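All remarks here apply to the structure that follows.
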Amino acid sequence: MNPRQVIEKALELEKSGFDFYTKAKEWAKNPEAAKLFGQLAEEESHHTAFLQREKESLEKSGGWTEIPELKSSEPSGTGPVFPQGKSAPRQVGQDSTEEDVLLFALDIEARSYELYRKAAEEAVDEAGRRFLMRIAGAEQAHFDAIMNIYESRFGYPR
């Protein structure tokens with residue numbers, strides 16, 4: 001994928017993540033999960049704004065721009081590891097189980113992480129690589145926060 005295609009795909013993921021977390025906050029029966037979903041919705045909104053700025057920069061100058069507000073660091077380790085033997089449902093709703101909502105959220109973050117990581121590996125521009133890895137780091141942090149709740153509620157590994 002070229003940089004513009006990456007940005008377009010990323011914008012779709014971040015916007016759908018925002019929509020999901022906004023709804024999931026209302027669905028959550030666990031106050032800790034509700035609070036986290038609210039925070040994640042806000043962060044996805046910030047990511048959308050950062051990506052929009054990168055899109056405009058790529059359209060105007062053909063290059064990436066520095067986003068000083070993006071505070072996350074590059075990911076460490078191997079990246080998100082999904083709960084063994086589990087898979088995310090294709091969709092969730094208000095009547096979904098807490099476990100399904102958390103698995104769906106983990107899947108959103110894992111897919112976003114992979115998009116950014118792969119795009120960073122393919123980036124020819126160092127500023128683009130750095131931006132993509134930092135936003136991948138943010139997605140990994142989201143995954144880890146959701147996984148902490150998942151593990152506390154469902155005792156991963158079971």
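Checked against a 30 Å cut-off, the cross-linked pairs 23/60; 25/60; 15/118; 86/118 give Cα-Cα distances beyond that limit for 23/60; 25/60. The 3J(HN,Hα) values that the Karplus relation (6.51, -1.76, 1.60; θ = phi - 60°) gives for the stretch 90-106 are, in residue order, 5, 8, 9, x, 4, 8, 5, 5, 4, 4, 4, 5, 5, 5, 4, 5, 4 Hz. Gly and Pro appear as x.
Computed on the chain, with alpha-carbon pairs under 8 angstrom and 6+ residues apart, the relative contact order is 27 percent. Residue by residue, the stretch 116-122 carries 3J(HN,Hα) couplings of 5, 5, 5, 5, 5, 4, 8 Hz when phi is fed to the Karplus relation 6.51 cos²θ - 1.76 cosθ + 1.60 (θ = phi - 60°); x denotes Gly or Pro. Kindly give Rg over Rh for the chain, based on alpha-carbon atoms, with the Kirkwood expression for the hydrodynamic radius. Here the Rg-to-Rh quotient is 0.99.
Taking the Cα centre of the stretch 1-157 as origin and assigning +1 to Lys and Arg Cβ atoms and -1 to Asp and Glu Cβ atoms, the resulting dipole is close to 60 debye. For residue 30, the shell of other residues with beta-carbons less than 12 Å away shows a net charge of +1, using +1 for Lys and Arg and -1 for Asp and Glu.
Where a number appears in this text, it was derived from the coordinates with a stated rule and is not lab data. The structure displayed is predicted, hence computed values, not measured ones. All Cβ positions, glycine included, derive from the backbone under ideal geometry; neighbour counts span all protein chains shown.
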